[in-house]
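Derivation of every value follows stated rules applied to the coordinates shown; laboratory data play no part. Keep in mind it's a predicted model, so treat the numbers as computed, not measured. A quick note on method: Cβ atoms are made from the backbone with ideal geometry, for glycine too, and the neighbour counts reach across all protein chains shown.
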Amino acid sequence: MMRSHKVTVVMLTVAAALTVAPIVGACEGNRVLLQDDFKTLASNWGTANDNQSVKDGKMVLTPAFDATYLTLSGGNLFTDMDACVDMALAKGGPKMVHTYGGLAFWATDYRNYYELMIGPSGTFGVDRILPGRRVPIMTFATSPAIKSGLSQVNRLRVQTKGSTATFYINGTQVGSITGQPPQGGGEIGLTAQAGPNTRDIYEFSNLKVTN
C-alpha cells in the first residue's frame, strides 16, 4: 500500500531528536488500550521500507523529498481515548522549513484523517486530510510549550471525547476542536513531512493509548 502523498502546503517545522526516557504529560486513562515500545516493527504498522523502520526503541519515519508519509496502527479502532507519543526531528535541512511531524487520529484510511503537527521553530497546527484536500483547522501558531530546534524531545497528546479533540504539547493544553469522528472509532498513526531538499528523519517513541 502506498503511504506517501504530496502536500502542497508551506509549513514551519518541528525539530527534536528523541531520547528513550519519557517526558511529562503522559496519557492519564486507567486502562491501556494500545502501547508500543518499538523494539520490533509490529505487523499492524506494515512492513519495513525506505520510509519506515524501527531502531533503538523508536519508530523512524523518513519521507520522500517534499512529501508526507503516514503510517497507521491498522486494526486498532478508538472512540474516546487519550493518545500520546514522544517525537523528535533527528535530522533535517539547515532551514528546517516545509517539514513537520505529528500524531494522526480519527483516521479511516490513508486519505481520511486528522493530525496534530509541530515544527522545529516552535509552531503547531491541526489539519484534516481528505482525498485531494488538506483542510487547516488550527492554523500554525507559535507556542512556548514546544521545545524548538534539533535534538529536542516533544510529547504530543491527543484526547478525544465524543466529537471533541483536545491537544497537549509537553503537558500544556494548546487547543481543542469539534470534529467529525468516524462512526465506530478511528485509527491513530504517525506522520511526517519532509522538505524539498532534505529527507528529514523523525523518530517516535513511548506510544501509548488509554481510555
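Miscellaneous remarks
- For the chain, built as a Gaussian network whose Cα springs stay under 10 Å, the top-fluctuating residue of LYS58, LYS147, LYS161: LYS161
- At q = 0.13, 0.19 Å⁻¹ the log10 of I(q)/I(0) for segment 60-124 amounts to -0.41, -0.84, computed by Debye summation with a single uniform scatterer per C-alpha, solvent ignored.
- Sorted into 5 angstrom bins from 0, the C-alpha pair distances of segment 151-202 split as 4, 14, 19, 21, 17, 13, 9, 3, 0 percent.
- Cα-based shape type of the chain, given that a ≥ b ≥ c are square roots of the gyration tensor eigenvalues and the cut on a/c is 1.5: rounded
- Cβ-derived FRET efficiency at R0 30 Å, SER176 paired with PHE65, nearest 0.05: 0.35
- Within straight-line reach of LYS39, meaning a Cα separation under 20 Å, sit the following aspartates and glutamates at least 8 residues removed in sequence or on another chain: ASP50, ASP56, ASP86, GLU203.
- Segment 89-162: C-alpha gyration tensor shape, a/c 1.5 cut-off, then a/b vs b/c: prolate
- The distance separating the Cα centre of segment 105-183 from that of segment 35-54 comes to 22 Å.
- Residue list for segment 154-170, given a label point 7 angstrom along the Cα-to-Cβ vector of ASP80 and an amide N cut-off under 12 Å: 160-164
- Each semi-axis of the equivalent ellipsoid for segment 23-106 is √(5λ) with λ an eigenvalue of the Cα gyration tensor; in descending order they amount to 24, 16, 13 Å.
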